[in-house]
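**Q** Questions regarding the structure given below will be posed in turn.
The values are calculated or read from the model by the stated rules, or taken from the named source; none is laboratory data. Computed from a predicted structure; not experimentally measured. Here the Cβ is made from the backbone with ideal geometry for all residues, glycine too, and neighbour counts use every protein chain on show. Heads up: the accessible areas ignore ligands, DNA and RNA and are worked out on the full protein's heavy atoms, side chains in. Shrake-Rupley method; radii C 1.70, N 1.55, O 1.52, S 1.80 Å.
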Amino acid sequence: MLAALGFATIAIFLIAIMTKRVSVLVALVLIPVVFGLLAGAGPDLGKMMLDGIVKVAPVGVMIIFAVLYFGLMLDVGLFEPMISALLRLAKGDPVKVALATAVLTMAVALDGDGATTFLITVSAMLPLYQRLGMDRLMLSGIVCLGAGVMNILPWGGPTVRAMAALKADASVVFNPVVPAMVAGICWVLFVAFMLGRRERRRLGVADLRQPASVGAAATPASLLNQGGGVEEAGKRTAPGNPMLFWFNAALTVALVVGLLMGLLPLPILFVLAFSVALLVNYPRWEDQQKHLVSHASSVVTVSTMIFAAGIFTGVLTGTKMIEAMASATVSVIPEAAAGYLPLIVAVASMPLSLVFTPDAFYFGVMPVLAQAAGSLGLDPVVIGRASILGQMTTGFPLSPLTASTFILIGLSGVTLGDHQRFIFPWAFGTTLVMTAVAFATGALSS
């Protein structure tokens, strides 16, 4: 019963947002509440929802101040030299921009944190996409693919969980899938090339000798408004002191270094950096207030989605729907297919990111599958390798169960349903390519 309710919750949620029947916020809150009541949660439902909110609170705080910080830096023109340099290198060619997006994403993703990757990469590339008129779904999609492949790294969340659950180290879980990961990286570059070529056919190669209009480069903050309105940079109050450029650049470099090294918790780093940047760039109280108000709607839009996502996962976890779905998933595997279990897990791993949180899968589903593999004479570690080929790796930037997904779509200014429809086939293709290479190299056999 609980498993059926859980799968129904996920299915109705996906249908609702992909058909745009209701907003993501409404779907994230009301759908799990209805099914939570059907599951008999009753008076405990409120506590489950609050527990879910508490778990995503640090991410919510981080994205609020990250949007404010990068919005401020874009307002004062910090990224204009970089945008101009990228435009010169890309020579107005969407193919080169798409490839640059993939390379930058995978480089930043070496730190193993999806939220940081999205914050840095999208903030850097979005103005360039806007300047050239490129589709923002391409930006969110390519970043999704690049971050997903790199999330297989041993210090990434899924692989760490797999190693912990199996009590194995990286040499036996991660090392055998390195060729598959390399194939995944090549696939991401191929997809970026194909998507870029599609945009080149639509837009052509821009003539960079023509000056860009004042409002050509939209800020991530303005694009967070799902209504699509882009506020012109010229309408905002920004300081005119060019000497502040070097201060802002040094502060941003220090922030990025702090993020990558984990010097302080991510939310605290953004709170401190934004407070300093606001004071230095807008010394007057009135200007500080104007800046905050200009980004208020953007902050509300993305932060409410993150807290609503906390309610969604809180109800599914608190009602034990997640556990019931895990048991049901394991029970439907026929005995005749047991010998192909690693291959089945690998192929299904990416779509399962839409159903299971990483903790639920790696500490609930995967150990049972590993035990089943062991009873068939297979090495249980093979199930771990199969799992990391897609479950919350290539799949995490599309899953409504991870808060970082909402950071990606929020900063890119796209809706979750559009993002999923656009990039899901390519993301699933990534898993299939890596699965094929892992199978060919023996990573999915004992």
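**Q** Out of 162, 109, 90, I need the residue that is surrounded by 21 or more Cβ atoms within 10 Å (Cβ to Cβ), of a type in the set (A, V, I, L, M) and within 13 Å of the chain's Cα centre (by Cα). Which one?
**A** 109
**Q** Take the range 237-257 and flag every residue that is within 21 Å of residue 109 (Cβ to Cβ) and at pLDDT 85 or above.
**A** 252, 253, 254, 255
**Q** Of the numbered conditions (1) outside any helix (DSSP H, G or I); (2) at pLDDT 70 or above; (3) over 26 Å from the mean Cα position of the chain (by Cα); (4) exposed (fewer than 15 other Cβ atoms within 10 Å of the Cβ), residue 202 fails exactly one; give the number of that condition.
**A** Result: residue 202 fails condition (1) only.
**Q** Hey, another quick one. Can you give me the ranges of the helices (runs of 4 or more DSSP H) entirely in the range 360-446 with at least 2 residues that are open to solvent by 10 Å² or more (accessible area, probe 1.4 Å) and closer than 21 Å to residue 135 by Cα?
**A** Passing ranges, in order: 416-440.
**Q** Name the single residue that is nearest to residue 332 (Cα to Cα) among those in the range 1-44 being modelled with pLDDT under 85 and among the hydroxyl-bearing types (Ser, Thr, Tyr).
**A** Among those that are modelled with pLDDT under 85 and among the hydroxyl-bearing types (Ser, Thr, Tyr), it is 19.
**Q** Here are some conditions: (1) open to solvent by less than 30 Å² (accessible area, probe 1.4 Å); (2) within 30 Å of residue 131 (Cβ to Cβ); (3) modelled with pLDDT under 80. Residue 56 meets all but one. Which one does it not meet?
**A** (2)
Rundown of residues vs (1) modelled with pLDDT of 95 or more; (2) under 24 Å from residue 317 (Cβ atoms); (3) touching a Lys or Arg at 6+ places or on another chain (Cβ under 7 Å); (4) among the small types (Gly, Ala, Ser), yes/no style:
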{"position": "341", "(1), (2), (3), (4)": "no, no, no, no"}
{"position": "345", "(1), (2), (3), (4)": "no, yes, no, no"}
{"position": "357", "(1), (2), (3), (4)": "no, yes, no, no"}
{"position": "360", "(1), (2), (3), (4)": "no, yes, no, yes"}
{"position": "370", "(1), (2), (3), (4)": "no, yes, no, yes"}
{"position": "406", "(1), (2), (3), (4)": "no, yes, no, no"}
{"position": "421", "(1), (2), (3), (4)": "no, no, no, no"}
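**Q** Could you grab the pairs with beta carbons closer than 7 Å, sequence gap of 6+ or different chains, first residue in the range 383-402 and within 21 Å of residue 138 (Cβ to Cβ), second one basic (Lys, Arg)?
**A** Pairs that qualify, where the first residue is within 21 Å of residue 138 (Cβ to Cβ) and the partner is basic (Lys, Arg): there are none.
**Q** Also, I was wondering about something else. Of all residues in the range 280-299, how many are open to solvent by 80 Å² or more (accessible area, probe 1.4 Å), farther than 25 Å from residue 59 by Cβ and either touching a helix residue (DSSP H, G or I) at 6+ places or on another chain (Cβ under 6 Å) or of a type in the set (A, V, I, L, M, F, W, C) (or both)?
**A** 1
**Q** Identify the residue in the range 239-279 that is closer than 15 Å to residue 64 by Cβ and in contact with a Ser or Thr (Cβ under 9 Å, 6 or more places away or on another chain) and, among all such residues, is most open to solvent (accessible area, probe 1.4 Å).
**A** Among them, the one singled out is 266.
**Q** If you go through the range 143-169, how many residues are in a loop (DSSP other than H, G, I, E, B) and more than 24 Å from residue 193 (Cβ to Cβ)?
**A** Of the residues in that region, 6 qualify.
**Q** Out of curiosity, is residue 172 without any contact (Cβ under 8 Å) to a residue 60 or more places away in the chain, assigned to a helix (DSSP H, G or I) and open to solvent by 10 Å² or more (accessible area, probe 1.4 Å)?
**A** no
**Q** In this structure, does residue 63 turn out to be open to solvent by less than 10 Å² (accessible area, probe 1.4 Å), at pLDDT below 80 and out of contact with any Ser or Thr (no Cβ under 9 Å at 6 or more places or on another chain)?
**A** No, not satisfied.
Residue-by-condition table, conditions (1) surrounded by fewer than 22 Cβ atoms within 10 Å (Cβ to Cβ); (2) in contact with a Ser or Thr (Cβ under 9 Å, 6 or more places away or on another chain):
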{"residue": "125", "(1), (2)": "no, yes"}
{"residue": "137", "(1), (2)": "yes, yes"}
{"residue": "143", "(1), (2)": "no, yes"}
{"residue": "149", "(1), (2)": "no, yes"}
{"residue": "155", "(1), (2)": "yes, no"}
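**Q** To continue, here is another question. From the set of residues in the range 112-137 that are farther than 20 Å from residue 204 by Cα and among the hydroxyl-bearing types (Ser, Thr, Tyr), which is farthest from the chain's Cα centre (by Cα)?
**A** Here the answer is 123.
**Q** Given the condition among the hydrophobic types (A, V, I, L, M, F, W, C) and without any contact (Cβ under 8 Å) to a residue 24 or more places away in the chain, answer yes or no: does some residue in the range 297-311 qualify?
**A** yes
**Q** Would it be correct to say that residue 19 is touching a residue at least 12 places away in the same chain (Cβ under 8 Å), among the polar types (S, T, N, Q) and crowded, with 19+ Cβ neighbours inside 10 Å?
**A** The answer is no for residue 19.
**Q** Based on this model, can you work out whether residue 317 counts as assigned to a helix (DSSP H, G or I), surrounded by fewer than 21 Cβ atoms within 10 Å (Cβ to Cβ) and modelled with pLDDT under 85?
**A** Considered against the rule, which asks whether it is assigned to a helix (DSSP H, G or I), surrounded by fewer than 21 Cβ atoms within 10 Å (Cβ to Cβ) and modelled with pLDDT under 85, residue 317 comes out as yes.
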